Every structure is written in C-alpha cells, then in structure tokens.
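*Asks:* After the structure tokens below, expect a handful of questions from me.
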Amino acid sequence: MSTVTSSTRAPTSSAAAAPAKPLRKAGQRQQKLAAFTLLAPFTVLLVAVFLVPVGYAIGLSFFSEDHDGLGFGGGETVFTGLRSYLAVLSDPSFVSGFGAILLYCVIFVPAVVVGALALALLLDSGLMRLRRTAQMLLYLPHAVPGVIAAVIWLYLYTPGLSPVIKLFAQADITIDFLGLHTVLPSIVNIALWSGLGYNMVIFYAALQALPREVIEAARIDGAGGFRTALMVKVPIIRGSVVMVCMFALIGALQLFTEPMLMNQATPMVNSRFTPNMYIFDAAFRRNNYGLASAASVILLVVTCALSYAVTRWAGRRERSAR
Amino acid sequence: MTTMTPTTPRATPQGPAGKPLGRPFGSSKLTSRGVANAVVLIAALYTMLPTVWLLLASTKNADALFGSDILSLSDFSFVSNLSDLFAMDGGLYGEWYLNSLLYAVVGALVGSLISVSAGYAFDKYEFRHKEKLFGLVLTGVMVPQTVLALPLYLVASGIGIVNTFWAVFIPVLFNPFGVYLARILSNGYVPNEVLEASRVDGAGELQTYVRVSLRMLGPGFVTVFLFQLTAIWNNFFLPMVMLSDQHLYPLSLGLYTWNSSATVSPEYYPLVVIGSLLAVVPLIVAFITLQRYWKSGLTAGSVK
C-alpha cells in the first residue's frame, strides 16, 4: 500500500520552493509530511478503486474469450485488438442508447438547472415564508433511493393504480405515461423529481456564501429583487451553475436504474435502452466481458470528453467575463 | 413524512447571518411575495405527491392496493403489512436494513474523514504535481459510478472478494466529489492565519489539523458526510453487480428483487410499498437532525 502511494507522491520531496513565504526547513518538512499523511488514504483508494479498475477494463477490452459454444468455463482468452470496439460501435442498439441519452439530456438538463436555480433564488430572496420547511420538502426526494423513486413513479404511471391518471380521466383526458412518445419524458420526470431539491441546495448554499455587501450594494443602487437575482447573484455563482450542468450531463450518461425498472413494465424500454443497460446486458446476460469492457471504455471516453469540453467552455467564458 | 412538519414551526423571516430581509426593495413587494410563495408551494406539492401516495399505499393490503380508491382508509392494514414485512423470507428485510445501515453510516463516516483530510491537504499545502493530482480527483468526479462498477467487479473477482461485505464497502469509501467539496469548504472555513498562529505556537501540523482545523471544518464535514451517506444508501448498481448472497444485500437491491418477484407473486407488492417507506425514514431523520447543524455552518461559515 505504501509503495503505491509513495510512487504517486514521491516527486513531492523536491517541491521545496513552492510556498510563497520562506519557511524554516523543519517546518517545511513537517508540512510535507502532513500533506502526505492526509492524502495517503485517499490516494490509495484512488489507485485501488479507480485507476486500477479502469486500466484493467481498458486492457480487457482488447481481449476476448473464445467459448467452446457450450457455455462451459475455461474458454481461451485471446488478443483481439479493436474487434470488441468495432462490434460495439457497429451495434445499432448501443448507438441508439446514446440517442436516447441525448434526447433525455435535451429535456432534463435545462429543466433541472432552471428549476433548481429559480427555486434557490426564490428561497434566497427573502420573500419566502417557511424557508426551512420548503427547502426540506424540496430536498426530500433526494433521500429516496433511485430504485424506490422509480418504483413509486412506476405505480403512479400504471393505469388502474395511479390516482393521477384517474384525476385526468375525470376531466376526460386520457394519458398514457408509458407510451412511445411519453416514456422518455416519464423517465425525465423521475430524475427531475429526485434531483431538483438536491441541486437547489447546491445553488442555495452558493447563494448563502455570497458576500452580503454586494447584494446590499445592488439594492442601494436601486436594483429590484428580480434584477439583483439575475444580474448580480447568478453571475457570481455561475461556477455552481456550470458544476450542476456538468453533473446533470454525467448523471444522464449514467442513466440505468429508472429505465431498468421501466423495462419490466413497458415494451417501450428494451433491455439495452441506455449505454449502461447495454453494458450490464453484455456483461451479465451475454457474459461477454470483452464487449462490456469496450462499451465501458467508450462510455468513459465520451463522458470525459464531454465534461472536459464543458469545463473548458466555462473557463473561457469566465476569463472573457473578467 | 408527516412527522417532520412539527419540527420546524419557527421559520422566522430573519436570516441567521443578519440578512436585511425586511427591507423594502420594490413597490410590488406584496405580489412578488405571493408569486414566489406560490411557485415554491407548487414545487413542494410536486415533491410531496409520490411520498404521500407511498404513505397512503402502505396502509393497503394487496387487494386494496389495486382497488379503486387510494384515499379511503376503510381497509387499514398498516400493522399487518408491517409484521408481514419482517416475517417474509425469514426476516430478510431486517437483515437488509442492518446491512444498509452498516454500509452507509460506517462507510460515510470513514469515507468523509478520508475525503475531508485530502481536501484540506489540497487547500492548505503546496506540493509538486498538486494540480495534476487534483485533476485526477476531478476526473474521478466525472466518471460515472456505473462505468466503474463493471471494472471493479472484474478486479474484485480477480482477487476473490466478489460477494463479500468488502466488495461493496471499500469502493463506496472513494468519494472524489467529497474531496472537491472539502477543498472549497476548507478554503472558506479555515483561515490561513489560524494555521500561521498555530505554527507560531509550535503545534505540529497534524496536531493543528485534528485540534483546530477539523473542528472549524465540522459543518463542512457534516455536509460531505450527508452527501456520501445519501449516495451509499441509494447505491444500487454496485451491489447489484457485486453481490449474489441475499443476506449481504442492502435495502435498495433487496427491494428491487422483491419488486421483480411481485410481477409473479403479487403478495410482494404491499411489502415493497411499506418496505420502501421504512427505507426512506433514516435519511429523512438524518437530514432533519443534521440540517440545522450544517445549514448554520454554511451561513456562519463566511469567514471573510
């Protein structure tokens, strides 16, 4: 364990001149030791449950197990190069998974960011009564595990069981939550329900940390609550906004639990509806670890590329704003 | 869920940090107040709907669940549902509950301590390749858990710990988002002057961390803990991949299997409903009891 950490941390020893203030030698050594000690457990975890598995998956994606056709173990592992990647990328069910994700993002990301930001600004505006109660109620769904949220909403989408459908039926409106065009918005709704309050708390915490003088200055300048919110508060917390956007995108790529449960309830969601469902299907239903690893690596690359692009774009905007 | 309402009756309009809330800043203050409250009320109703349904449905037996009226309390079988829940499959639900508590509470405690320490080190100390290592942390934040689950399974099966407690417990300790958060919070909560003063007093670095900084980071620690607790409690994909022994399941996975069985044997439906209700309780309790603590920390934490 210590060898793993020291290999990552070893270059530290020569970083003597880094702090701005010249400190005593002994103090510096002690500081370095402290930094090492505090970082060591996390670094071990970083290596053991992140870098090693990812590396292992990348390695595995270049190999394939030749089965003897009967499914008995002991197939021979052979190097197949990029064959698994080609197989994944030419599989329409994998590509269509990304299509589903894209469509999902187009609905989900703006909805959750705008919704959460609006609610956080309202709570921060000082106009609210029962702020704490409201915040708690809105946060509540985040405390509901994804599986349970999906189960509850699934029941609320099921005709005969759902009071919502009954309510609409009384107004002579027929709603099919699990139809061809409604199933994706229905999934978005579950995610939105779970994520709205959580993201609101992030925004609200950022707003609470704002220097009060800035807000007061805006008010003294005659800006109303609405203008202060949009022109002063939002620009200052744009870092949080970008962060929430990024996590919403990454969360979208992770989409698994909700469609997995929907899969049991409606034929509109097949067993490879999203990339993660494809990976699960490849690994545990088709027992093709090479294929699953290749799909994992592709998803990983897409995710990293996407978040890198988002942060770069945000960074440039931030720099040009200064 | 209904029990939480009485716990927060005194939401006074004064902000904790002396916010000048009562100041008039517009002629249409009354209407904007009305609109603002209405919008938040609608959002709150939207969040409450499924939970209220869960609460009502938990009082129904299997027949009444699929019967006509969810609002009627004529067929009240909450207690019999409850005893059925803990009796089913040899008390499996109780085991799941304990497992979830173990994974989540212990995991979040250990995990947040690891994350906060790392975040603090990133904030307060200079060392070579610091930003490169932090970039790795950020990459860790960006990588979907589910993408890691399959590789983790492959590694775990390689070293033979698949289908054990550790196969789930060790990976959930890794919380790069906690490190990211802790770095920001450490920057806000622990002024560098305090460290300088402590150094002048001759205290060791780790001594300072444990005695001074960690205490100042308390609210931040709770925030990280709470986020991680929620994440582990809600964790589903990793246990699903790692575990095949039902006695090691956490609640989410257990309820998922019961829900899958319910399509064949409907007697599981009311159990899934009431089991879900009970599974939701600890996090709500944690959030309510810790809310005051970390929220006052967030507002009072503006050190500037």
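*Asks:* Can you pull out every residue in the range A:284-305 that is over 17 Å from A:PRO259 (Cβ atoms) and surrounded by 17 or more Cβ atoms within 10 Å (Cβ to Cβ)?
*Replies:* Hits for the range A:284-305 are A:ASN288, A:TYR289, A:GLY290, A:LEU291, A:ALA292, A:SER293, A:ALA294, A:SER296, A:VAL297, A:ILE298, A:LEU300, A:THR303.
The rows are residues; the columns are (1) among the basic types (Lys, Arg); (2) buried (at least 16 other Cβ atoms within 10 Å of the Cβ).
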position	(1), (2)
B:TYR103	no, yes
B:THR139	no, yes
B:VAL155	no, yes
B:ILE159	no, no
B:ALA167	no, yes
B:ALA182	no, yes
B:ARG199	yes, yes
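*Asks:* Out of B:LEU195, B:LEU181, B:LEU109, report the one residue that is at pLDDT below 90, closer than 30 Å to B:PHE236 by Cα and not acidic (Asp, Glu).
*Replies:* B:LEU181
*Asks:* Can you run down the residue pairs with Cβ atoms below 7 Å, 6 or more apart or on separate chains, where the first is in the range B:109-133 and on the phi > 0 side of the Ramachandran plot and the partner is modelled with pLDDT under 95?
*Replies:* Pairs found: B:HIS129/A:PRO11.
*Asks:* From the list A:TYR198, A:TYR278, which residue is surrounded by 23 or more Cβ atoms within 10 Å (Cβ to Cβ), within 24 Å of the chain's Cα centre (by Cα) and assigned to a helix (DSSP H, G or I)?
*Replies:* Residue meeting the stated conditions: A:TYR278.
*Asks:* On to the next question. For the range B:151-244, list the helices (runs of 4 or more DSSP H) that sit wholly inside it and hold at least 1 residues that are of a type in the set (A, V, I, L, M, F, W, C) and touching a Lys or Arg at 6+ places or on another chain (Cβ under 9 Å); which are they?
*Replies:* B:192-200
*Asks:* Consider A:HIS181 against the criteria (1) over 31 Å from the mean Cα position of the chain (by Cα); (2) more than 9 Å from chain B (Cβ to nearest Cβ); (3) assigned to a loop (DSSP other than H, G, I, E, B): it satisfies all of them except one. Which criterion is unmet?
*Replies:* (1)
*Asks:* Also: Does A:ARG272 satisfy being at pLDDT 85 or above, away from chain B (no Cβ under 13 Å) and either closer than 28 Å to A:ILE237 by Cα or under 22 Å from the mean Cα position of the chain (by Cα) (or both)?
*Replies:* Yes.
*Asks:* In the range B:245-265, which residue that is of a type in the set (Phe, Trp, Tyr) and assigned to a helix (DSSP H, G or I) is farthest from B:ALA156 (Cα to Cα)?
*Replies:* B:TRP258
*Asks:* From the set of residues in the range B:149-164 that are aliphatic (A, V, I, L, M) and touching a residue at least 24 places away in the same chain (Cβ under 8 Å), which is farthest from the other protein chains (Cβ to nearest Cβ)?
*Replies:* Among residues in the range B:149-164 that are aliphatic (A, V, I, L, M) and touching a residue at least 24 places away in the same chain (Cβ under 8 Å), the one farthest from the other protein chains (Cβ to nearest Cβ) is B:VAL162.
*Asks:* Sticking with this one: Where residues in the range B:266-304 are at pLDDT below 80 and part of a loop (DSSP other than H, G, I, E, B), which of them is nearest to the chain's Cα centre (by Cα)?
*Replies:* It comes out as B:GLY301.
Okay, residues lined up against (1) touching a residue at least 40 places away in the same chain (Cβ under 8 Å); (2) more than 11 Å from every other protein chain (Cβ to nearest Cβ); (3) closer than 30 Å to A:ILE215 by Cβ:
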residue	(1), (2), (3)
A:PHE226	no, no, yes
A:MET231	no, yes, yes
A:MET243	yes, no, yes
A:ILE250	yes, no, no
A:ILE279	no, no, no
A:ALA292	no, no, no
A:VAL301	no, no, no
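Residue by residue, here is whether (1) touching a Phe, Trp or Tyr at 6+ places or on another chain (Cβ under 7 Å); (2) modelled with pLDDT under 85 holds:
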site: A:PHE62; (1), (2): yes, no
site: A:PHE79; (1), (2): yes, yes
site: A:GLY97; (1), (2): yes, no
site: A:VAL106; (1), (2): no, no
site: A:GLY115; (1), (2): no, no
site: A:ALA118; (1), (2): no, no
site: A:LEU122; (1), (2): no, no
site: A:MET128; (1), (2): no, yes
site: A:LEU140; (1), (2): no, yes
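*Asks:* Of everything in the range B:165-176 that's under 17 Å from the mean Cα position of the chain (by Cα) and more than 8 Å from every other protein chain (Cβ to nearest Cβ), which residue is farthest from A:PHE284 (Cα to Cα)?
*Replies:* Taking the candidates together, the pick is B:ASN175.
The values are calculated or read from the model by the stated rules, or taken from the named source; none is laboratory data. If you're wondering where the values come from, they're calculated on a predicted model, not measured in any experiment. Because the Cβ atoms are built from the backbone with ideal geometry, glycine has one as well, and the counts that use them run over all protein chains shown.
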